[in-house]
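Here is the structure we will look at.
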Amino acid sequence: MARGTTRPTSRDVAQAAGVSQAAVSLVLGDKWRGRVSETTAERVRQAARELGYRPNLAARNLRLGRTRTVLLVVPALTTEFFAGVYTGAARVAARHGFGVVLYPSPEGVGPARDPFASAQAALDGVIASSMAADALTAIRGDQLPLVMLDSDPDGSLGAATVNLDIRDGIRQVTEHLLALGHRDFLHLAADIPSWTFHVRARELAARLGSVPGTSLRTAAAPISIEGALAAAEAALTETGGTEGRPTAVVCDDDKLAAGVYKAVRRLGLRIPEDVSVTGLDDLALATALDPELTTVRLDSELFGERGMEALLAVLDGRTPTEGDIPVELVVRGSTARTGA
């Protein structure tokens, strides 16, 4: 075959690899496990690369009745965390011959509107981190496989739910701060009606409520540095009766923590000598702050990977992997023993 004159076919790949066309279809369709050996699969992939072979996706999709397109609904396309979710989901999708269409919320945060108002192409399935109830109803009505991220597994409309272990993240934060002697806490809560933020508030209250002598106040703020600055400054200037000023501020998000830094300094206080601060996400911002922020690391790319793997399992009639994704407290310079 003269390169550049004829498009290589699966028959060419089969001949080059010394296997049948059926084996080529299994390997390039990612259906080979348990049917052909790893060595044979690699030989087929190598032959395809050397020949420059690309499957005719249009013909295959028509035959399978699939578009091999997945809709990823995220609260904010420009948010670093959800950029990571997309990266992870797209990486897994590409390995399986799927494409990912993004649908971010126009508002940047909060629930995304019904994606079917603007997404005209047919879809094989949906991965949604945050979506309006009417959109979920539309998806279910169309019988599209749905995987929910960061959502209540007991009330989910999805065929599967993938979550980070947020409860354990809050546990790690509270145990760390309690071990440092803190007893007066401020929770700077994200002012967004979302299950994941409700979980953070409930877990923090439960953890601290079980320890005698602790106090917890809550102030809500939009996820912005300016909003957090205003809310934290107001909360830290309140005396709270005889309890005094909070010595530890637990933030729902690293961006909220950045606002707390500004509020603390505006009030003439120091981090961590006067106030310890924690975040949640471990964005690049966390190490740009001075002192660097103690926060809970959430693996956004793994989150996206697990979401896509769950959807692929649903599409194949398999049971998705269960269990929340572990999170990790990263202790840096923004927390210290109370009164230090």
Amide H of L102: which non-local residues (sequence gap of 5 or more, or other chain) have their own amide H closer than 5 Å, using H built in the peptide plane? L72
Amide H contacts of V275 (H built 1.01 Å from N, under 5 Å, at least 5 apart or other chain): R270
Per the rule of 0.36 nm per residue minus the C-alpha distance, extending R11 to L269 adds in nm 85.6 nm
For segment 192-279, state which GluC sites (Glu not before Pro) are in a DSSP loop and have at most 15 other beta carbons lying within 10 Å of their beta carbon. E238, E273
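Estimate the FRET efficiency between V331 and E50 by the formula 1/(1 + (r/R0)^6), using the beta-carbon distance for r and 45 Å for R0, to the nearest 0.05.
Here the calculated transfer efficiency is 0.35.
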Interchain or sequence-distant (5+) residues whose placed amide H lies within less than 5 Å of the amide H of D282 are D254, V296, L298
L178-A234 pseudo-label distance in nm [points 7 Å out on the Cα-to-Cβ vector]: 3.0 nm
If I take all pairs of Cα atoms in segment 168-208, what percentage of them are more than 14 Å from each other? 47 percent
Using a Förster distance of 35 Å, the FRET efficiency for V211-D154 (Cβ separation, nearest 0.05): 0.80
Name the residues of segment 291-317 whose amide N is less than 13 Å from a point 7 angstrom out from the Cα of R35 along the C-beta direction? none
So how do Y86, Y53 rank on accessible area, 1.4 Å probe, biggest first, that is with the largest at the start? Y86, Y53
Cα-only Rg/Rh for segment 289-340 with Kirkwood Rh rounds to 1.28
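The values are calculated or read from the model by the stated rules, or taken from the named source; none is laboratory data. All figures in this text were calculated on a predicted structure; none of them were measured in a lab. Heads up, the Cβs are rebuilt from the backbone with ideal geometry, glycines too, and the neighbour counts pull from every protein chain shown. When the accessible area is computed, the model is the full protein with side chains, heavy atoms only, and any ligands, DNA or RNA have been set aside. Shrake-Rupley method; radii C 1.70, N 1.55, O 1.52, S 1.80 Å.
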